[in-house]
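Novice: Just passing along the structure, written as structure tokens.
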Amino acid sequence: MQNWALSIALDNPADAKVVETTPLTLADGQIRVTIERFALTANNVTYATFGRAMRYWDFFPGDDGRGRLPVWGTAIVSESRCPAVPEGSRWYGYLPAAAELVLTPAQVRSQGFVDASEHRSSLPQVYNRYAAVADRDEHSEQMQMVLQPLFITAFLLDQVLAEPDRAWAGAQVISTSASSKTAIAMAHCLARRDNVAHVGLTSGGNVAFVEGLGLYDRVVSYEDLASLNAHTSAVIVDFAGDADLNRRLHTQLAGVLRANIRVGGAHWTQSAPPHDLPPPKPEFFFAPDHVVRLSKDWGREAFETRYAAAWLAFAADAERYFTVEEVAGASAALRIYTALIGGQFSPAASMTVRSQTQ
């Protein structure tokens, strides 16, 4: 299938199928990009889980009343009615899991542009920026699209956890779904700080993998939560989004739990908030808000410099943590997405998808 998109029910991430799409006619100022490859990770499951609540479905509206899964990847301009963005140029950014996309470039520079499509004007601008792709090896591009989108969240979490005026200042950090890539990236950042006690929670089958990373001070299985220190103040960073797990943790840590920062929904089938959860109430972490805040506090240039240094350090070590595998075509994209929804991948595996089999 040449023109296709992954189509997902707005309120059920597991209801996914491949649909054939009809190419749109370009207006003046628009470009058509052919999507080359994109990453599929648990991060994309979070996009689908919170698609309506966080407006992720609004970026790439489908004509069938269903969602188009946001992904990060590379694309090449196959048709252009925008002289500043020529055919054949390559770009990296936020894309649908699909074969193509129509964009309206604005603020065009040699390094990138912003999509000025009307329906995206009220959405977080961090997702609307597209960066020029220089020629480099495919493996580097794959690692970037798999890890960089989630690393920004990890970097921001690290900064927020270190802020001295927060209720959790000095508390032990407890991460759920410690084998997830965003959790690992945050653990990498925290490990570079002094005097931060970081406990990783994971399934019994992933304990050895998480321990082998050497990034957590302690790794605890979900079956052994009773061993957590209930006498030291704590902050939960919740990548799992599991209602039952949250109830157990809040009960175990009653009186010492300072906050629960909800980041993801890896355990998406159990993500509805429990009604009887002991305090404190979980607070959702929305990365774009913190990008804006810290860029204002530090200055944009200082923010980008600090982020780039942290990213390069993580990228250098990530080669030891993860492997990259690639598939091609619409049916393969659906198969990988379905496997992610079912939690069927090794935490060490990183998946990328070429939109076409050729």
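Novice: Restricting to the stretch 152-204, give me the number of residues that are outside any loop (DSSP other than H, G, I, E, B), of a type outside the set (A, V, I, L, M) and within 19 Å of Thr41 (Cα to Cα).
Specialist: So the answer is 7.
Novice: On to the next question. Return the residue satisfying two criteria in turn: it lies in the stretch 226-244 and is open to solvent by less than 10 Å² (accessible area, probe 1.4 Å) and either assigned to a helix (DSSP H, G or I) or among the small types (Gly, Ala, Ser) (or both), and of such residues it is farthest from Lys181 (Cα to Cα).
Specialist: Of everything passing the filter in the stretch 226-244, Ala234 is farthest from Lys181 (Cα to Cα).
Novice: Could you list, in sequence order, all residues of the stretch 1-14 that are modelled with pLDDT of 95 or more and farther than 17 Å from Pro70 by Cβ?
Specialist: Passing the criteria: none in range.
Novice: Something else: Does Phe209 fit the bill of being under 30 Å from Trp91 (Cβ atoms) and of a type in the set (Phe, Trp, Tyr)?
Specialist: It is false that Phe209 is under 30 Å from Trp91 (Cβ atoms) and of a type in the set (Phe, Trp, Tyr).
Novice: Being within 27 Å of Ser331 (Cβ to Cβ) and open to solvent by 30 Å² or more (accessible area, probe 1.4 Å): is that true of Ala42 here?
Specialist: So Ala42 fits the description; yes.
Novice: Related question: In the stretch 1-110, which strands (runs of 3 or more DSSP E) lie fully inside it and hold 3 or more residues that are polar (S, T, N, Q) and more than 26 Å from Gly241 (Cα to Cα)?
Specialist: Those strands (runs of 3 or more DSSP E) span 70-80.
Novice: Something else: Filter the stretch 325-358 for residues that are among the β-branched types (Val, Ile, Thr) and surrounded by fewer than 18 Cβ atoms within 10 Å (Cβ to Cβ); which is modelled with the lowest pLDDT?
Specialist: Thr357
Novice: Tally time: how many residues in the stretch 97-121 are touching a strand residue (DSSP E or B) at 6+ places or on another chain (Cβ under 7 Å) and surrounded by fewer than 23 Cβ atoms within 10 Å (Cβ to Cβ)?
Specialist: Final tally of qualifying residues: 14.
Novice: What pairs come up if the first residue lies in the stretch 312-327 and is among the aliphatic types (A, V, I, L, M), the second is surrounded by fewer than 13 Cβ atoms within 10 Å (Cβ to Cβ), and their beta carbons are under 7 Å apart, counting only those six or more places apart or on different chains?
Specialist: Here the result reads Val324/His139, each pair linking the stretch 312-327 to a residue that is surrounded by fewer than 13 Cβ atoms within 10 Å (Cβ to Cβ).
Novice: Looking at (1) touching a strand residue (DSSP E or B) at 6+ places or on another chain (Cβ under 6 Å); (2) open to solvent by 20 Å² or more (accessible area, probe 1.4 Å); (3) modelled with pLDDT under 95; (4) not charged (D, E, K, R), find the lone condition where Tyr47 falls short.
Specialist: Failing condition for Tyr47: (2).
Novice: Would you be able to tell me the number of residues in the stretch 133-151 that are surrounded by fewer than 24 Cβ atoms within 10 Å (Cβ to Cβ) and either part of a loop (DSSP other than H, G, I, E, B) or at pLDDT 95 or above (or both)?
Specialist: 5
Novice: Taking Val210 as the residue in question, decide whether it is part of a strand (DSSP E or B), at pLDDT 95 or above and buried (at least 17 other Cβ atoms within 10 Å of the Cβ).
Specialist: Answer is no for this residue.
Novice: Please state which one of Ile76, Ile31 is buried (at least 23 other Cβ atoms within 10 Å of the Cβ), under 17 Å from Ala98 (Cβ atoms) and at pLDDT 95 or above.
Specialist: None of the others qualify; the one that does is Ile31.
Novice: I've got another one for you. Report, by residue number, each residue of the stretch 245-275 that is modelled with pLDDT under 85, open to solvent by less than 70 Å² (accessible area, probe 1.4 Å) and not hydrophobic (A, V, I, L, M, F, W, C).
Specialist: Gly264, Gly265, His267, Ser271, Pro274
Novice: Let me ask something else. Which ones in the stretch 179-210 are among the charged types (D, E, K, R) and over 20 Å from Ser350 (Cα atoms)?
Specialist: Answer for the stretch 179-210, where residues must be among the charged types (D, E, K, R) and over 20 Å from Ser350 (Cα atoms): Arg192, Arg193, Asp194.
The values are calculated or read from the model by the stated rules, or taken from the named source; none is laboratory data. As the structure is a computational prediction, the values presented were derived from the model and not from experiment. Positions of Cβ are generated from backbone atoms using ideal geometry, with glycine treated the same way; all protein chains shown enter the neighbour counts. Accessible surface is based on the protein model in full, side chains and every heavy atom, while ligands, DNA and RNA are left aside. Shrake-Rupley method; radii C 1.70, N 1.55, O 1.52, S 1.80 Å.
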